[in-house]
1. Tell me which residues, restricted to the range 276-294, are open to solvent by 10 Å² or more (accessible area, probe 1.4 Å) and within 19 Å of Met9 (Cα to Cα).
2. Go through the range 199-220 and report how many residues are buried (at least 18 other Cβ atoms within 10 Å of the Cβ), more than 16 Å from the chain's Cα centre (by Cα) and outside any loop (DSSP other than H, G, I, E, B).
3. In the range 11-25, how many are open to solvent by 60 Å² or more (accessible area, probe 1.4 Å) and either modelled with pLDDT under 90 or farther than 20 Å from Gly263 by Cα (or both)?
4. So is Ala187 in a helix (DSSP H, G or I), out of contact with any Cys (no Cβ under 7 Å at 6 or more places or on another chain), at pLDDT 95 or above and small (Gly, Ala, Ser) or not?
5. Out of the residues in the range 221-265 that are of a type in the set (Phe, Trp, Tyr) and part of a loop (DSSP other than H, G, I, E, B), state the one that is least open to solvent (accessible area, probe 1.4 Å).
6. Tell me, which residue of the range 325-349 that is closer than 26 Å to Asp311 by Cβ and among the aliphatic types (A, V, I, L, M) is surrounded by the fewest Cβ atoms within 10 Å (Cβ to Cβ)?
7. Can you find, within the range 161-192, the residue that is most open to solvent (accessible area, probe 1.4 Å) among those that are closer than 16 Å to Gly136 by Cβ and more than 23 Å from the chain's Cα centre (by Cα)?
8. Does Ser254 satisfy the criteria of being in contact with a Cys (Cβ under 8 Å, 6 or more places away or on another chain) and of a type in the set (S, T, N, Q)?
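The values are calculated or read from the model by the stated rules, or taken from the named source; none is laboratory data. Bear in mind the structure is a predicted one, so any value in this text is a computation, not a measurement. Here the Cβ positions follow ideal geometry from the backbone for every residue, glycine too, while neighbour counts run over all protein chains shown. Just so you know, the surface numbers come from the protein's heavy atoms only, side chains and all, with ligands and any DNA or RNA stripped out. Shrake-Rupley method; radii C 1.70, N 1.55, O 1.52, S 1.80 Å.
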Amino acid sequence: MNSIMLKGMTWSHPRGYDPMIACSAIWKEKTGVEIIWDKRSLQDFESYPVEDLARAYDLIVIDHPHVGQITGEGCLAPLDVVGREAERAAFAAGSVGKSYSSYEWQGRQWAFPIDAATQVQAWRPDLLPAAPATWGEVLDLARQGRVLLPLRAPHSLMTFFTLAGNLGTPCASDGSGDLIERQAGRAVFELIREMAALVDPVCLDMDPIAVSERMAAADSRIVCAPLIYGYVNYAVPGFRPKRLGFADIAAAGSIGPVGSALGGTGIAVSAFSAVKDEAIDFAYWIASGDTQRGPYAAAGGQPGHAAAWQDGAVNAATGDFYRATWRTLEGAWLRPRHDGYMGFQQTASDRINEGLIGAHEGGRVIDDLNRLFRKSFGR
């Protein structure tokens, strides 16, 4: 038996931490390799320099928009090792939407999806007969004070991305031009402005976890969060006083539940690790269909493999969380991933929120977003 110990970093929520602990315990029994996991807050997870993490940990759970930056910094070991092509082909075939390809960059595979997510819709099935199907229905509920929308950075930008895609005018993901055509961008911003004026102003300081917690409280009157990164834990009976249902996004346009800004996480291996081979072995195992629909899902994870999303037992345990949001995941939009995007994500989110708070003219906000986008490519 090996006496190797790896260190891993993930994010501080039961969905991000518990499955890593459960799967690592099984891995130790199988291989003798021990993995010790640390965790960071969601905000730190989205903004902490990955190079610093890569120098301290062998395994890192990452967001795909970091890929351009962290590969440019030489932080990660590529996972497309020779001799394991069949396993990677199975991962690609089992990808939920663009989850697998989101970790491809410049011809290499830098992480494997272990958690699939995008902005979906959360609702209270004990208070509504069905989730709203259109943005107009959501607005009606918002006028009654029964809607929340997470707008804390970067979620205001994620909402902008999703609505742009759902209206059939998706934002750019490369540096060939503006982020979005000015008039299309103004239309998106006005939709957000209209909703932001109807929901509790505290939404500007709320992330998806804060919104989910408030919705799931026993005395909550909130029945809908129309654009929110889904958290399967809240769909499980007993996790919180009230169970949340999840559904495809309410359509703002006429093309169905498409265009949602893809999220989720992947498992990556540090380029600085002294035990890369052992770390890569674990990455392949935890990303596999059998692990994802088995111990990973059972421990409260939100798998990144279609084998779990289509599994009857996995859906039965979560109120059909996966089947109910499948179309939105399959139609999700892939964010930019270039070196420079992460800075843009923060400044653009802040600019949207400044525009909402200050009642800025929409065209002015879009001009600034386009300028910031071009600047992120060094233009």
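1. Here is the first cut: in the range 276-294, the residues open to solvent by 10 Å² or more (accessible area, probe 1.4 Å) are 276-278, 280-281, 285, 288-290, 293-294.
The answer is Lys276, Asp277, Glu278, Ile280, Asp281, Trp285.
2. Adding up the residues that qualify gives 3.
3. Of the residues in the range 11-25, 1 are open to solvent by 60 Å² or more (accessible area, probe 1.4 Å) and either modelled with pLDDT under 90 or farther than 20 Å from Gly263 by Cα (or both).
4. Working: in a helix (DSSP H, G or I): yes; out of contact with any Cys (no Cβ under 7 Å at 6 or more places or on another chain): yes; at pLDDT 95 or above: yes; small (Gly, Ala, Ser): yes.
So Ala187 passes the test.
5. Only one residue fits best here, namely Tyr231.
6. Within the range 325-349, the match that is surrounded by the fewest Cβ atoms within 10 Å (Cβ to Cβ) is Leu334.
7. It comes out as Glu190.
8. Criteria not met by Ser254.
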